[in-house]
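Below: the structure, in structure tokens.
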Amino acid sequence: MTAARQRILSGAKPTADSLHLGNYIGAVRQWVDMQSQYDAVFFIPDLHAVTVDFEPGELARRTRTVAAQYIAAGIDPEQSIFFVQSHVPEHAELAWVLNCITGFGEASRMTQFKDKSAKAGADAATLGLFAYPTLMAADILLYQADLVPVGEDQRQHLELTRNLAQRFNARYGNVFTVPDATILKATAKIYDLQNPTAKMSKTGESPNGAIQLLEDPKIAAKRIKSAVTDAGTEIRFDADAKPGVSNLLTIYSTLTGRSVAELEEAYAGKMYGHLKVDLAEVVVDFLTPLRNRTNELLEDPAELDRLLARGAERARAIASVTLANAYDKMGFLPRAGR
Ligand code: AMP
Ligand code: TRP
């Protein structure tokens, strides 16, 4: 007899034109590794993307692009359930229910809300932004997820999700699995190539600091070659004394599977320039097929939309059962035909 596989669920917002190498190494790659061992649900939280300023003319294109990048990177839309949040109306419906069991004070303590609303200003911060964490809880609880792999910044939202699941179960009856957070390994943090003590991000100071997965690999190679390195000449991993070289070694190691120790040995006595030339080649070899596959998928938006529609159907089959069960426990008059 085999036990049922645990379910993992995660998502990343479609807020930029392309994922960068930090997203790939820090998140996507780990999801791809997990999908074969778990029953996996991945989605694009576009309803979350509209809780802050966004560009209506860009939303659909960005959603498709991110979807194509995930598939190109190895998310298998047959093996995993892969869909767009706004295509499954149960997310917004369950979020409403959860809003009604969340304390105002409790929601006010979410540090991401405090940070974002402080930046936006009292009038620009919306009820939607305030309810961001309860929508996220709905995303997770609808699928009875056991594990939720996310970055450290999402830990507090996960804790709220657990509390809401337990509160609902205690108040109305057992409906939800209480999920565990799986904080993604911090070992895989990638830094800005021009400013190697800051995280590689969508909003870095110099465009040369980040490698976009969709850009021309030749430009990526130039960015690696012009990466800021450190005083001295030794190629050695030392995050404090040599953040630039250490970052290059991390990227090299994660993209090739060779250990940092092995790379240090291979480059003993060589110059920074050697390391950069070789790493530039590694990055080009990694990016070229990924970019080609992404562009191929984007050339056929109808097929991509079909995959996402199929994913939404599979998601709804699960989500609608959980929502109906929650409504039932709360005592709503059943809707005929449901
Ligand atoms: P974001 O684009 O910031 O919403 O991040 C999406 C995912 O990518 C999150 O799970 C982050 O943990 C991960 N991520 C973003 N930037 C980096 C980075 N520089 N290094 C490693 N992981 C990252
Ligand atoms: N809030 C997450 C982030 O910014 C994205 C997200 C939305 C998510 N819903 C989720 C992640 C459910 C995991 C599970 O990274």
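The values are calculated or read from the model by the stated rules, or taken from the named source; none is laboratory data. Model, not experiment: these values are computed from the prediction. In this analysis, Cβ positions are derived from the backbone assuming ideal geometry, glycine residues included, and neighbour counts consider all displayed protein chains.
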Practice item. Say whether the condition of being buried (at least 17 other Cβ atoms within 10 Å of the Cβ) and among the polar types (S, T, N, Q) is met by at least one residue in the stretch 70-79. Key: no
Point to revise | Members of the stretch 259-285 that are within 28 Å of the chain's Cα centre (by Cα) and either exposed (fewer than 15 other Cβ atoms within 10 Å of the Cβ) or closer than 20 Å to Lys199 by Cβ (or both) | key: Ser259, Val260, Leu279, Glu281, Val283, Asp285
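Residue-by-condition table, conditions (1) closer than 30 Å to Gly331 by Cβ; (2) over 17 Å from the mean Cα position of the chain (by Cα); (3) among the basic types (Lys, Arg):
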site: Arg155; (1), (2), (3): no, no, yes
site: Glu159; (1), (2), (3): yes, yes, no
site: Asn163; (1), (2), (3): yes, yes, no
site: Arg167; (1), (2), (3): yes, yes, yes
site: Asn174; (1), (2), (3): yes, yes, no
site: Ala181; (1), (2), (3): no, no, no
site: Glu205; (1), (2), (3): no, yes, no
site: Lys225; (1), (2), (3): no, yes, yes
site: Thr233; (1), (2), (3): no, yes, no
**Study point:** Cross-chain or 6+ apart pairs with Cβ under 7 Å, the stretch 137-152 first and more than 14 Å from ligand 1 (Cβ to nearest atom), then at pLDDT 90 or above and of a type in the set (Asp, Glu)
**Key:** Leu142/Glu90
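Return yes when Pro45 is at pLDDT 95 or above and more than 13 Å from ligand 2 (Cβ to nearest atom) and no when it is not. Explain how you work it out, then say what you get.
Numbers: at pLDDT 95 or above: yes; more than 13 Å from ligand 2 (Cβ to nearest atom): no.
Considered against the rule, which asks whether it is at pLDDT 95 or above and more than 13 Å from ligand 2 (Cβ to nearest atom), Pro45 comes out as no.
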Review point. Quick check: is even one residue across the stretch 112-121 more than 16 Å from ligand 1 (Cβ to nearest atom) and touching a residue at least 60 places away in the same chain (Cβ under 8 Å)?
Key: yes
**Study point:** Cβ-Cβ under 7 Å pairs, at least 6 apart or on other chains, the stretch 185-212 side charged (D, E, K, R) and modelled with pLDDT under 85, far side within 10 Å of ligand 1 (Cβ to nearest atom) and in a helix (DSSP H, G or I)
**Key:** Lys189/Gly26
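Determine which member of the set Ala137, Ala145 is under 17 Å from Val178 (Cβ atoms), of a type outside the set (D, E, K, R), within 12 Å of ligand 2 (Cβ to nearest atom) and assigned to a loop (DSSP other than H, G, I, E, B).
Result: Ala145 is the single residue among Ala137, Ala145 that is under 17 Å from Val178 (Cβ atoms), of a type outside the set (D, E, K, R), within 12 Å of ligand 2 (Cβ to nearest atom) and assigned to a loop (DSSP other than H, G, I, E, B).
So which residues in the stretch 223-232 are over 11 Å from Leu275 (Cβ atoms) and at pLDDT 90 or above, if there are any at all? Please lay out each step first, then the result.
Filtering the stretch 223-232 down to residues over 11 Å from Leu275 (Cβ atoms) leaves 223, 226, 228, 230-232.
Passing the criteria: Arg223, Ser226, Val228.
Give me the residue from the stretch 54-98 that is among the aromatic types (Phe, Trp, Tyr) and assigned to a helix (DSSP H, G or I) and, out of that set, nearest to ligand 1 (Cβ to nearest atom).
Looking at residues that are among the aromatic types (Phe, Trp, Tyr) and assigned to a helix (DSSP H, G or I), I get Tyr70.
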Practice item. For the stretch 77-98, state whether one or more residues are at pLDDT 95 or above, more than 22 Å from Leu297 (Cβ to Cβ), within 16 Å of ligand 2 (Cβ to nearest atom) and of a type in the set (S, T, N, Q). Key: no
Practice item. Identify all residues within the stretch 55-69 that are surrounded by fewer than 18 Cβ atoms within 10 Å (Cβ to Cβ) and closer than 16 Å to Gly11 by Cβ; write none if there are none. Key: Leu59
Practice item. Kindly provide the set of residues from the stretch 9-24 that are more than 20 Å from Pro179 (Cβ to Cβ) and either surrounded by fewer than 20 Cβ atoms within 10 Å (Cβ to Cβ) or among the basic types (Lys, Arg) (or both), ordered by number. Key: Thr15, Ala16, Asp17, Ser18
Review point. Which residue, of Ser36, Ser18, Ser10, is assigned to a loop (DSSP other than H, G, I, E, B), within 16 Å of ligand 1 (Cβ to nearest atom) and among the hydroxyl-bearing types (Ser, Thr, Tyr)?
Key: Ser18
